[in-house]
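Contents: one structure, followed by commentary.
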Amino acid sequence: MDTLKITPLNSWHKAHGAKMVDFAGWEMPVQYAGILAEHQHTRQQVSIFDICHMGEFYLRGQGAAKALSQVVTHNLDTLQPGKCRYGFMLNEHGGVLDDLIIYCLAQDEYMLVVNGACERSDFEWIKSHLPAGLSLENASANVAKIDVQGPLSIHAIEALLGKKCSHLKYFSFERTTYSGTSVLVSRTGYTGELGFELYLDVSKALEAWDKLASLPEVKAAGLGARDTLRLELGYPLYGQDLDIMHTPVEAGYGFLMNSPAEFIGKGKLDVVREKLIPLEIPGRRSARHGDKVALRDGTVVGVVTSGSFSPSLGHCSALAYVDASAADNKEYLVQAQRSELCATRVELPFYKNGTARMKID
């Protein structure tokens, strides 16, 4: 059996009682005090998350923007230095190879942040579709990523960096210094709350984490809370809600397909066989990944991709792919392991009080 990879914070997690699990080949903390407590603390104050398993690539060289725009769905024509953008990388059939955020560092200079499970395959795919003369560097082994999330995260970030960061707008970033080394601080996140993501040298990760964890309003949170937080906003998880069998349009992201470039898979986006829909289930019983979704007459029309009890809402929230012809229905049945659960299609986000876009300056 392959040895699990570890982040530079692994020993800290174990010393502080984290429950560790295998996540995409990495030994990662799923919880410390408990998922519910960590979820609520993030919604109310500020939590830190070890996201060092993610991959980071640097692309540089004349013509980088034009070349990259052939490989990803992001509209790079309108992405200016200091801004970042969410989007997808597709195969020839329009299926999602990965979802990623692209940072415009300068003209024809980009950082790509990809899912850890896709790091190697993403790098090879991008490299194979770039012309000669461009520099593509996989810096994942040298870059640590710490997410600072919650309505009080601005105070934690400013305490760590010793400078004001309130000028940063949603999906903007800047490069600064921490402990004598370069750090990129980005106003982004996966929780729906005001948040920042730090990209720094792995040699400084533990020092920065320790300093953040020592702040009175900060607590560490694991991947369990990160999952319930993202699901309450309807944010997709690659490998469950996004995969090579579905296009971004089928996943509900057709509004992002505005790049003028002829990116790989673009010609396949008009065919919509299934749609990813949000479902609300009353009570504490939850739909789970793989549960079948049926119409009220029992006709099976789809499958749950993500489902969990929503701590902020007091009931289950779920995402499910259903046949496009059945996607406009209002009422469904989820065929759970021990019972059938009544589900209602709702509008995203499930949780509507997030602070991610709040003004802080």
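Nothing in this text is a laboratory measurement; each read-out follows from the coordinates by a stated rule. None of the values given here were measured: they were computed from a predicted structure. Because the Cβ atoms are built from the backbone with ideal geometry, glycine has one as well, and the counts that use them run over all protein chains shown.
Ordered by the number of other Cβ atoms lying within 10 Å of each residue's own Cβ, fewest first, Met89, Met111 fall into the sequence Met111, Met89. Ranking of Trp125, Trp209 by neighbouring Cβ atoms within 10 Å, starting from the fewest: Trp125, Trp209. Report the paramagnetic label zone for Arg175: residues of the range 81-111 whose backbone N is under 19 Å from a point 7 Å from Cα along the Cα-to-Cβ axis. Answer for the range 81-111: 81-85, 101-111. A Förster radius of 22 Å, combined with the Cβ-Cβ distance separating Met257 from Glu347, puts the computed FRET efficiency at roughly 0.60.
Modelled spin labels at Ser182 and Val271, positioned 7 Å past Cα toward Cβ, are 4.4 nm from each other. For the chain, the alpha carbon convex hull comes to 143 Å³ per residue, rounded to a whole number.
Values of log10 I(q)/I(0) for the range 127-272 across q = 0.12, 0.21 Å⁻¹ run -0.68, -1.30, by the Debye formula with one identical scatterer at each alpha carbon and no solvent. Counting neighbouring beta carbons within 10 Å and listing from fewest to most, the residues Thr299, Thr188, Thr3 come out as Thr3, Thr299, Thr188. On full extension, the segment bounded by Asp243 and Gln62 gains 62.0 nm, given 0.36 nm per residue less the C-alpha separation. Principal semi-axes of the equivalent ellipsoid, √(5λ) from the alpha carbon gyration tensor of the range 60-130, are 19, 13, 12 Å from largest down. Summarised in one figure, the compactness ratio Rg/Rh of the range 271-361, Cα atoms and Kirkwood Rh, is 1.04. Taking a straight line from the alpha carbon of Lys275, these lysines sit under 16 Å away, with near neighbours fewer than eight places off in the same chain left out: Lys292, Lys330.
Would you mind calculating the gained length between Ser128 and Asn142 on full extension (0.36 nm times residue separation, minus the Cα-Cα distance), in nm to one decimal?
2.8 nm
Of all the options Gln62, Gln40, Gln70, the one that moves most in a Gaussian network model of the chain with Cα springs shorter than 10 angstrom is Gln62.
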